[in-house]
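All remarks here apply to the structure that follows.
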Amino acid sequence: MKQSLSKIESAFLEEISQVSDADKIEEIRVSYLGRKAGQLTVLLRGLKDLSIEEKKLIGPAANLLRQKIESTLTEALQKAGSSAVPEFDLSLPGKISQDKSLGHLHPITQINRELIRIFQSMGFQVLEGPELDNDYYNFEGLNFPFDHPARDIQDTFFIDSKITREEPRDFTRNDWVMRTQTSNMQVRVLEQAEPPVRCIIPGRVFRNEAIDATHEHTFYQLEGFVVDENINIGQLVWTLKEIFRQIFKQEVKLRLRPGFFPFVEPGYEVDMFCVFCGGSDVSCKVCKGLGWVEMLGAGMIHPNVLAAAGYDAGRYTGFAFGIGTGRLAMLKYNIPDYRLYMQGDLRFLEQF
Ligand code: PHE
């Protein structure tokens, strides 16, 4: 028996040394380890007929040989560059030592993902837009005429350079800005899309603001709009209520105040009744006991904007809204200062 083991071993080593392609190596594997007629398999099967002493002697030697054959085959396959044998087992869990913490998502990413999930369940498409944009999409197409004072509402970062890049249309002026609002996507999308349009655009926007606990030069919004025949304000209010109900996990009360944005008519500032203190606590950090908390801007898309995008404004109507997602996350996660988002301080980030 021992002799047959060493015969098998030398025959195997001889054969394997002569081949280098994966198919041949597989043939050798079958001829030695194959389930039915592999030489070593047959020999191992014969072990059961041996006496206990013989088994003790031959058993371990035979197993050792099997391991040796297996590892030699694996090595040969690796040399042959077979994809069947990965060098790393990617399914193994990583080693996490005590002093290394796992990464996790930024609170803005978390609120965005939550909003995206909710909007998608309501049939909204998710899009992204350019952060550096032509004046046309950020202002002109949105019914901000040149030299109109409405442009001063948003402290804009104007870009010195003249940008040349492929765009879907010609621009009146080669003036470029860091977008002040995700509304820059309204005309961009409507120009390309056929109604019904239902989409959201989460993204970063920029304004030359004096920075304090509630203002950053770089902040986050989520734009949403719906355009079709017979779209109305009731649907806007229902949509916003449903979103906030799911975000704050309770029924919410909304209040619409008139608000001016050149690209909507009528336009609104939308407030939510404080879900934290119900307006009863003067020390409430969110509403200071006033009850109402300003949440977003919204309205019915101005006919001039629909027309700029090539729509028949007599036939189609739409609503639009822009939520400050950084502000929303401050409310939801009880974050006291907007500046914390941008500082990359792990003591802050690790709390989420
Ligand atoms: N873009 C506006 C802002 O940034 C918000 C808004 C979006 C208002 C859509 C109305 C409709 O202030």
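The values are calculated or read from the model by the stated rules, or taken from the named source; none is laboratory data. Everything numeric here is computed off the predicted structure, so don't read it as measured data. Neighbour counts are summed over all protein chains in view; Cβ atoms, including those assigned to glycine, are modelled from backbone coordinates with ideal geometry. For the accessible areas, the whole protein counts, side chains as well, though only heavy atoms, and no ligand, DNA or RNA atoms are used. Shrake-Rupley method; radii C 1.70, N 1.55, O 1.52, S 1.80 Å.
Enumerate by residue number the GluC sites (Glu not before Pro) in the range 100-204 meeting two conditions: DSSP loop (anything except H, G, I, E, B), and at most 11 other Cβ atoms within 10 Å of the site's Cβ.
Passing both the DSSP loop test and the Cβ count: E128, E166.
List the lysines whose alpha-carbon lies under 28 Å from that of K241, not counting same-chain residues fewer than 8 positions away?
Output for K241: K249, K253, K285, K288, K332.
With every protein chain in place, what's the accessible area of H215 (1.4 Å probe, Å², nearest 10)?
About 70 Å², rounded to the nearest 10.
If you roll a 1.4 Å probe over the range 107-349 with all protein chains in place, what percent of the accessible area is carbon or sulfur? Mind showing how you got there, number by number?
On the way: 5680 of 11520 Å².
Here carbon and sulfur together make up 49 percent of the probe-accessible area.
Of all trypsin sites (Lys or Arg not before Pro) in the range 22-67, which ones are in loop regions per DSSP and have a Cβ with at most 14 other Cβ atoms within 10 Å?
Within the range 22-67, the qualifying trypsin sites (Lys or Arg not before Pro) (loop, at most 14 other Cβ atoms within 10 Å) are R35, K36.
Ignoring ligands, DNA and RNA, what percent of the 1.4 Å accessible area of the range 2-79 is carbon and sulfur?
The computed percentage sits at 54.
Treat the range 187-258 as a sphere of radius equal to its Kirkwood radius over Cα pairs and apply Stokes-Einstein at 25 °C in a medium of 0.890 mPa s; give the translational diffusion coefficient in µm²/s, rounded to a whole number.
164
What FRET efficiency, computed as 1/(1 + (r/R0)^6) with R0 = 45 Å and r the Cβ-Cβ distance, is obtained for D312 and V286, rounded to the nearest 0.05?
About 0.55, to the nearest 0.05.
R0 = 30 Å: FRET efficiency of E265 with R117, Cβ-based, nearest 0.05?
0.45
Give me the distance in nm between label points sitting 7 Å out from Cα along the Cα-to-Cβ direction at M342 and F248, one decimal.
2.8
Cα convex hull of the range 1-144: how many Å³ per residue?
308
Counting only helical runs of four or more DSSP H residues, what would the 222 nm mean residue ellipticity of the chain come to if each run contributes -39,500 (n - 2.57) and the total is spread over all its residues?
Mean residue ellipticity, 222 nm, calculated: -11000 deg cm²/dmol.
Counting pairs of alpha carbon atoms under 8 Å apart in space and at least six apart in sequence, what relative contact order in percent does the chain give?
14
Considering only protein heavy atoms, what per residue accessible area in square angstrom results for the chain with a 1.4 angstrom probe?
Per-residue value: 56 Å².
Rounded, prolate or oblate, given the Cα gyration tensor of the range 114-231, with a/c below 1.5 counting as rounded?
Taking the square roots of the gyration eigenvalues as a ≥ b ≥ c, the range 114-231 is oblate.
Just the isolated ones, please: cysteines in the chain lacking another cysteine beta carbon under 4.7 angstrom.
Singleton cysteines: C199.
Please report the spacing between the Cα centers of the range 118-197 and the range 214-283 in Å, no decimals.
Their Cα centres are 21 Å away from one another.
Which whole-number percentage describes the relative contact order of the range 2-79, with Cα contacts under 8 Å and a sequence gap of 6 or more? Numbers along the way, then the final one.
Working: 51 pairs, mean separation 27.1, N = 78.
Over the range 2-79, the number comes to 35 percent.
So between N230 and A193, what do we pick up on full extension, going 0.36 nm a residue minus the alpha carbon distance?
11.6 nm
How big is the shadow of the Cα convex hull of the range 107-349, averaged over all directions, in nm²?
Values: hull surface 54.9 nm².
Projected area, direction-averaged: 13.7 nm².
Looking at the range 288-336, which trypsin sites (Lys or Arg not before Pro) are DSSP coil and have at most 11 other C-beta atoms within 10 Å of their C-beta? It would help to have the intermediate numbers written out before the result.
Details: sites: K288, R315, R327, K332; in loops: K288, R315.
Loop-located and lightly packed - R315.
Can you give me the relative contact order of the range 122-269 as a percent, contacts being Cα pairs under 8 Å and 6 or more apart?
23
Straight distance only, please: which lysines reach the Cα of K7 with their own Cα at less than 30 Å, same-chain residues fewer than 8 apart left out?
Filter leaves K24, K36, K48, K55, K56, K68, K79.
Could you work out the pair-distance distribution P(r) of the range 2-79 from its alpha-carbon pairs, with 10 angstrom bin width and percents rounded to whole numbers?
Histogram of Cα-Cα distances, whole percents per bin: 19, 51, 24, 6, 0.
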